[in-house]
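No value in this document is a laboratory result; all are computed from the given coordinates. Computed from a prediction, not measured in an experiment: that's the story for all the values here. Glycine gets a Cβ as well: all are built from the backbone with ideal geometry, and neighbour counts include every protein chain shown.
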Amino acid sequence: MSEAIRSGLTARTRAAGIEVLAGRRRGLRAITPFVGPAVIASVAYIDPGNFATNIQAGAAYGTSLLWVVVAANLIAMLFQSLSAKLGIATGHSLAAQCRDRLPRPLVLGMWGISEVAAMATDLAEFLGGGIGLALLLHVPLLVGLAITGVATYGMLLLGGRGFRPLELLIGGFVALISLCYVAELAIAPPDWGAVAHGAVVPVLPDGAAVALAVGMIGATVMPHVIYLHSALMQARVPAPTTAARRSVLRYSNREVVVALGLAGVVNMAMLTMAARAFHAGHSDVAEIETAYHTLGPLLGPAAASVFLLSLLASGFSSSVVGTLAGQSIMQDFVHWTIPLWVRRAVTMLPSFAVVALGVNATQALVGSQIVLSIALPVPMLALVWLTGRRDVMGAFVNTRLTQAAAVLATVLVLALNALLLAQMAGVAIPGLG
């Protein structure tokens, strides 16, 4: 028996889940054993990349791009639930299913793209933590990055004690980030009418908004956690029968809606705060550091402090999750396993290179999110294909409505990516300046 199963918290959680499936544990006590995987996934939806894109969107366009946050979050809910369902129904991760069912050259290509996406993810998360520490401790950004690396590796060691301790740690960070943005909205209440309008009326004011919208989707719907969620569901609670797996799936879907719904609200609050603070008079604010230094004079020191606290919590927690996802992707695509400290060290290198070369950190964050959005269709297409196949999913195959929604969401992401690539190639796009 592995150390993970022997761990006290993990063993008790697994035993409680078995009690629930046997009908001997009910009410609120029946929910807690299944809470964790979607909470871990939700961290990726409120990572420093979201801070960067939401600040730029709110400052430059007010609440006009809130609809992108809403659409991206709905897509995220759908695909995280499909990923979890694949893990529950098959007992294998998305990457492992691709490895077993697709030609080897295609698998290697998918793995390569996924590793690039993992590196881009870690760039955003690592830079976010480093920026937060540099601002808090008044140290150079390179020092902040080094401290972030040591701190996140220490958190990763909790994974050796089972899945539950790490889930509780990540859940604490998510709660802290959420409370920070409740406080921000209390400090600077927005125009709720403008918020409602921006959330439901889709507009792309100009060409720059296209790149930002693609970056926002890349910052919200994350390729690495689409892979990771299916891996987290493998044999988490033994479910040997179809009825038991259906029960696990119901609990999983509820957790996805709550955890990712909360992440969506936090993202909307980020953008709304930026719109409230910067759009009128400071629309050129485009960097996290500038936003922090500007918030104090505009909204008071409490707003700046809360913003910094949320950035630190986001950077630390999302960096941990990103490293776990990268490890899972490598292991399941190509059966390679490397020590976590090696992956942590390798994925730190792009962040140090960006800072050492003098690249603007926030622009690097936004750029990384565009890379993620371009890589995103790979796991989306694979997940739609696999979960739509009865020979893979059995009784858990997608309904026609679910399959149609998944295809539509994938087409939307592909269309936005095509717009961005056309714009980058200099193609004139009607209606966009």
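Dividing the Cα radius of gyration of the chain by its Kirkwood radius returns 0.96 for Rg/Rh. Note on residue 12 and residue 157: the model spin-label points, each 7 Å out from Cα along the C-beta direction, lie 2.3 nm apart. Adding -39500 (n - 2.57) for every DSSP H run of four residues or longer, then dividing by how many residues the chain holds, sets the calculated 222 nm ellipticity at -25500 deg cm²/dmol. When you count the other C-beta atoms within 10 angstrom of each residue and take the mean per peptide, 41-49, 174-182 line up highest first as 41-49, 174-182. Note on the chain: with charges restricted to the Cβ of Lys and Arg (+1) and Asp and Glu (-1), its dipole about the Cα centre is near 2000 debye. Of the residues 133, 295, 180, the one whose Cα sits farthest towards the positive end of the charge dipole of the chain is 180 (charges of +1 on Lys and Arg Cβ, -1 on Asp and Glu Cβ, taken about the Cα centre).
Taking the C-alpha atoms only, the angle from helix 377-387 to the longest principal axis of the chain is near 30 degrees.
For the chain, the longest principal axis of the Cα atoms and the long axis of helix 207-220 meet at an angle of about 40 degrees.
Modelled label positions at residue 407 and residue 353, each set 7 Å beyond Cα in the direction of Cβ, lie 4.0 nm from each other.
Hey, what angle do you get for helix 104-137 against the long axis of the chain, alpha-carbon based, 0 to 90 degrees rounded to 10? Value to nearest ten degrees: 50.
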